[in-house]
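Student: Mind looking over this structure? Questions follow.
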Ligand code: UT7
């Protein structure tokens, strides 16, 4: 059975840099608080119009495709991970298919938030291993800046998130010394509401509570996005940060060890761990717990913030561009986030 190998990798970071100091214009926060609690110094925001999750994903994809030495016409499947799609539906995969003028290939969107890219990679890996596809484009992209609560009410979340995209081209290899060794996916829906954006969503039953004929036009207008919904910030992400932190520092090491153990490795064997960039303090905790050296963990949250589904491919791409990953190196990708979902992937570059 062939293994999947990353044949090309790319990223797209929007030009507009937003410092912690910039955020103090909108909310009661400080550079000191943000750096101390999260490690973040700055993040990037996409253009307000014209630059979307799909266009950023397509830009990262172009780079990955070029570096793989192929053309968009060679791609035979797209897996796109995001929590901030251009439209509620359809997903972003089809928008990339259109923008890059690809053939009428399949396009799948993955909704697994921070672990979305690792989930997407795992899905793509199955298609490669079965021989169904030969060039799969896997993208993680987010435009968080479009929908954050920039008032003091939302400060525990808004200061964390940034925009950006990363992408890879996955291909089969028969080389036993390279490729994706295993992926590990987990979830626990008991904590689904701890980190969530509630609306618009069918749980609220705002416009299906009764046949529309029972309502007059004014009531129907109110139902689509009620003031109560907006007053309770349910159209923005909500998070109980300390609870997420507590569970993240338990699940991250566990899922990394699961990947290493399944393949007969120890933490010391890792060339580099690419953790989802949720919080520098979480990465430092994981590093300490697994007794990894500073050069064994890659962090770039300082400059990008948390870019959710994009954070792992952006960090992987940057680490590779800096020469920190060479052919044959043992690399672990790991993520934890809303759902809760968490995941890891172990690969030989
Ligand atoms: O990638 C998705 C998964 N997400 C995560 O992994 C996030 C995990 N959680 C975290 O990273 C941290 O919990 C946060 C960075 C979100 C928050 O840090 P914390 O140390 O857990 O702070 P806290 O929420 O316990 O809040 C401490 C204080 C509160 O004030 P009081 O009640 O002590 O007076 C907050 O209101 O800090 C206040 N606070 C802020 N102050 C200044 C919250 N956000 C801010 C802010 N600026 N941006």
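The values are calculated or read from the model by the stated rules, or taken from the named source; none is laboratory data. This one's a predicted model, so the numbers in the text were calculated from it and none came from an experiment. Heads up, the Cβs are rebuilt from the backbone with ideal geometry, glycines too, and the neighbour counts pull from every protein chain shown.
Student: Looking only at the range 71-90, which residues are more than 20 Å from residue 129 (Cα to Cα) and outside any helix (DSSP H, G or I)? It would help to see each step written out before you state the result.
Tutor: Initially, the range 71-90 is screened for residues more than 20 Å from residue 129 (Cα to Cα), giving 71-73, 81-90.
Within the range 71-90, 71, 81, 82, 83, 84, 85, 86, 87, 88, 89, 90 qualify.
Student: Out of 253, 242, which single residue is part of a helix (DSSP H, G or I), within 19 Å of residue 281 (Cα to Cα), at pLDDT 95 or above and within 10 Å of the ligand (Cβ to nearest atom)?
Tutor: On the way: 253 fails: within 10 Å of the ligand (Cβ to nearest atom).
Answer to the selection: 242.
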